[in-house]
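Taking it in order: structure first as structure tokens, then the write-up.
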Amino acid sequence: LKYADLSGSRQFAWFPQFQAQLVPNDVLGLEQLLEATQGAQPEGVQPEGVPPEGDQPPEQHPSIEQVAWAQVPISGSAQVVAIGVGQFDVGAIKMFLDSRGVSPIPTGSYEIYAAQPDLGMPEGYFSLIDNRTVAVGPLEGLQRILEIRAQKQPNLSGNADLMNLISQVNGQAV
């Protein structure tokens, strides 16, 4: 499992090179796709939950501030599955994808989208879990993440022995 807090580093000139070396390509591709949705709304169309002009909150930049990823065994090979945290206008992103004819794959109460090579995300899938959380990876990996989130599969907090070990190492553990 790997983790990076990208929010404090974006201001530095070396950040693009650092990000390219550290962050998995699937996450970089998803971030490019999210950036492509900036300002891509047709005129006069208001994304879900966004107040009319004049009452606008500060502009949101859909960048991934923190990311955690792991290589997990899926279909016989190790593949990257990642969770990103940031500020995302889910309604605007969905509207953008819909305008490009991208249909979601329903997964319980969530939706998964296929990669969009023309927008910088060459392969894989992604899910807009909520306005603070996105996930990226192979379809099977995302389906598992969403099942865990929906409490249809066990998660780490249900493993008392492992949680005790985490508590011993980190007194501030959840």
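The values are calculated or read from the model by the stated rules, or taken from the named source; none is laboratory data. Predicted model only: the values in this text are computed from it and were never measured. Glycine also receives a Cβ, built like all others from the backbone with ideal geometry; neighbour counts cover every protein chain displayed. Protein only, heavy atoms only, side chains kept; ligands, DNA and RNA dropped before computing areas. Shrake-Rupley method; radii C 1.70, N 1.55, O 1.52, S 1.80 Å.
Based on what the data block shows, is residue 51 open to solvent by 20 Å² or more (accessible area, probe 1.4 Å) and at pLDDT below 90?
Details: open to solvent by 20 Å² or more (accessible area, probe 1.4 Å): yes; at pLDDT below 90: yes.
When the stated conditions are applied, residue 51 passes them.
So is residue 166 open to solvent by less than 30 Å² (accessible area, probe 1.4 Å) and either over 15 Å from residue 74 (Cβ atoms) or touching a Lys or Arg at 6+ places or on another chain (Cβ under 9 Å) (or both) or not? No. Contact annotation: residue pairs with Cβ atoms under 8 Å, 6 or more positions apart or on different chains, pairing a residue in region 101-119 that is over 14 Å from residue 137 (Cα atoms) with a partner that is exposed (fewer than 15 other Cβ atoms within 10 Å of the Cβ) and among the aliphatic types (A, V, I, L, M), are 108/150; 109/150; 110/150. Listed conditions (1) modelled with pLDDT under 90; (2) buried (at least 20 other Cβ atoms within 10 Å of the Cβ); (3) of a type in the set (Ser, Thr, Tyr) are all met by residue 75, apart from (2). Restrict the check to region 138-154 and report whether at least one residue is polar (S, T, N, Q) and open to solvent by 60 Å² or more (accessible area, probe 1.4 Å). Yes, there is a match, as at least one residue in region 138-154 is polar (S, T, N, Q) and open to solvent by 60 Å² or more (accessible area, probe 1.4 Å). Restricting the first member to region 8-23 and to residues that are more than 23 Å from residue 81 (Cβ to Cβ), and the second to residues that are of a type in the set (S, T, N, Q), the beta-carbon pairs closer than 7 Å and six or more apart or on different chains are 15/9.
Exactly one residue out of 167, 157 is of a type in the set (Ser, Thr, Tyr) and more than 19 Å from residue 69 (Cα to Cα), and it is 167.
The set of residues in region 114-137 that are open to solvent by less than 50 Å² (accessible area, probe 1.4 Å) and more than 21 Å from residue 66 (Cα to Cα) comprises 114, 116, 119.
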